[in-house]
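Data block below; observations after.
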Amino acid sequence: MATFKDHFSTQSSDYSKYRPDYPKDLYDFILSEVKERKTAWDCGTGNGQAAVVLSQYFEKVFATDPSAEQIKNAAQTNNIKYHIASAENSTLTDKSIDLITVAQALHWFDFEKFYAEVNRVAKPNAVIAVWSYENCFVSESIDKVFLHFYKEILGNYWAYERKHVENAYHDIPFPFSEVKEQVFYMKKQWNLHDFMGYLSTWSAVQKYIKTNGKNPLELVAIDFEKAWGNPDIVKEVSFPVTVKTGRV
């Protein structure tokens with residue numbers, strides 16, 4: 001079994017509150033590839049945001065995550081079955097799943113072992129869909145402070161796997177047929193408090209706090225305030241999302 005790197009449990013409730021929602025056209029793109037909609041497996045489900053949407057289209061959704069805290073804070077519906085399990089050992093039944101989804105989590109997996117698990121649990125011609133969202137953008141002045149914070153202050157505190165997100169998963173193997181890729185955009189309407197709340201959920205921020213005993217957001221709070229203007233003003237925050245689908 002791959003070693004589970006838990007970067008998110010300590011801020012799991014805030015993670016659920018501030019993480020952006022994936023757009024409807026992203027799900028439409030994925031669902032257009034699925035021939036049967038009986039069962040879906042949302043692997044690395046986190047707070048369950050993708051699982052909840054899938055539950056509207058599938059008879060049953062199995063949602064797994066190795067973090068008990070993430071599962072504890074996950075949204076509930078009658079046809080979602082949450083289970084604490086690794087991506088590489090789901091405990092699901094052989095040849096039982098029509099769609100496997102991985103939202104912003106594939107970079108943490110042992111790729112070879114996970115893909116072996118996908119091949120085990122997938123029905124013939126099942127679909128796998130993986131996606132990740134990259135750094136957001138707001139405006140030129142805000143983005144400048146954002147990138148300074150991301151690269152210069154937190155650069156050494158990001159996990160090695162973060163590079164896969166920066167590369168939109170293009171350097172991760174994806175050994176499936178009929179591969180398709182498309183970019184969508186998540187958009188949030190946030191004031192400065194919301195925006196800073198989102199930044200506070202970053203694993204690198206939590207690692208910085210644990211290492212140095214202080215919040216790195218304090219180092220850029222004034223710069224963000226100057227760039228944002230009135231902190232109560234709501235601005236559109238956009239996140240590019242790269243989605244890749246394949247047939248098992």
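Pick out which of 182, 104, 206 has the largest mean-square fluctuation in a Gaussian network model of the chain, springs linking Cα atoms closer than 10 Å.
Greatest mean-square fluctuation among the candidates belongs to 182.
Take residue 183 and residue 147, extend 7 Å from each Cα along the Cα→Cβ direction, and tell me the distance between the two endpoints in nm.
1.5
Within 10 Å of each residue's Cβ, count the other Cβ atoms and sort 177, 86 from fewest upward. Show your work: numbers first, answer last.
Details: 177 8, 86 22.
Fewest-to-most Cβ neighbours within 10 Å comes out as 177, 86.
Of the DSSP beta bridges with both residues in the chain, give the percent that are antiparallel, rounding to the nearest 5.
Values: 21 of 40 bridges.
Bridges in the chain are about 50 percent antiparallel.
Which entries of 207/235; 113/188; 38/235; 95/244 show an alpha-carbon separation above 31 angstrom in the structure shown? Kindly include the intermediate steps, with their values, before the conclusion.
Details: 207/235 28 Å; 113/188 35 Å; 38/235 39 Å; 95/244 22 Å.
Flagged as over cut-off: 113/188; 38/235.
Give the residue list of GluC sites (Glu not before Pro) in region 89-144 that are DSSP loop and have at most 16 other beta-carbon atoms within 10 angstrom. Walk me through the intermediate numbers first.
Numbers: sites: 112, 117, 134, 140; in loops: 134.
Those that pass, being in a loop and sparsely packed, are 134.
Can you compute log10 of I(q)/I(0) for region 127-210 with the Debye formula, treating each Cα as one identical point scatterer, at q = 0.10, 0.22, 0.26 Å⁻¹?
Rounded to two decimals, the profile gives -0.33, -1.22, -1.45.
Could you give the Stokes-Einstein D for the chain in µm² per second, using the C-alpha Kirkwood radius, 10 °C, 1.306 mPa s?
Values: Rh = 18.8 Å.
D = 84 µm²/s.
Under 15 Å from the Cα of residue 72, which aspartates and glutamates turn up, not counting those fewer than eight places away in the same chain?
Straight-distance partners of residue 72: 6, 14.
Give the value in nm², to one decimal: projected area of the alpha carbon convex hull of region 25-86, averaged over all directions.
On the way: hull surface 15.8 nm².
For region 25-86, averaging the hull's shadow over all directions gives 3.9 nm².
With springs only between Cα atoms under 10 Å apart, run a GNM on the chain and tell me which of 105, 63, 87 wobbles the most.
Result: 105 has the largest fluctuation of those listed.
With no solvent and one point per C-alpha, what does the Debye sum give as log10 I(q)/I(0) for region 106-248 at q = 0.12, 0.16, 0.19 Å⁻¹?
-0.61, -0.92, -1.13
Report the trypsin sites (Lys or Arg not before Pro) located in region 94-197 that are in a DSSP loop and have at most 16 other Cβ atoms inside 10 Å of their Cβ, or state none. Don't skip to the end; give the middle numbers.
Numbers: sites: 95, 113, 120, 144, 151, 162, 163, 180, 187, 188; in loops: 95.
Sparse-neighbourhood loop trypsin sites (Lys or Arg not before Pro): 95.
Using only the Cα atoms of region 61-142, what semi-axes does the equivalent ellipsoid have when each is the square root of 5 times a gyration tensor eigenvalue? Give whole Å, largest first.
On the way: eigenvalues 137, 59, 33 Å².
With the √(5λ) rule applied to region 61-142, the semi-axes are 26, 17, 13 Å.
For the chain, set up a GNM with springs between Cα atoms under 10 Å and report which of 233, 153, 128 has the largest fluctuation.
Most flexible of the set in this elastic network: 233.
So, R0 is 25 Å and r is the distance between the beta-carbons of residue 120 and residue 171; what FRET efficiency does that work out to, to 0.05?
Numbers: r = 25 Å, r/R0 = 1.00.
Taking R0 as 25 Å, the efficiency between residue 120 and residue 171 is 0.50.
Rule-based calculations on the coordinates, nothing more; no lab input. This is a predicted model, so every value here is computed, not measured. Don't worry about glycine lacking a Cβ; one is built from the backbone with ideal geometry, like all the others, and counts go over all protein chains shown.
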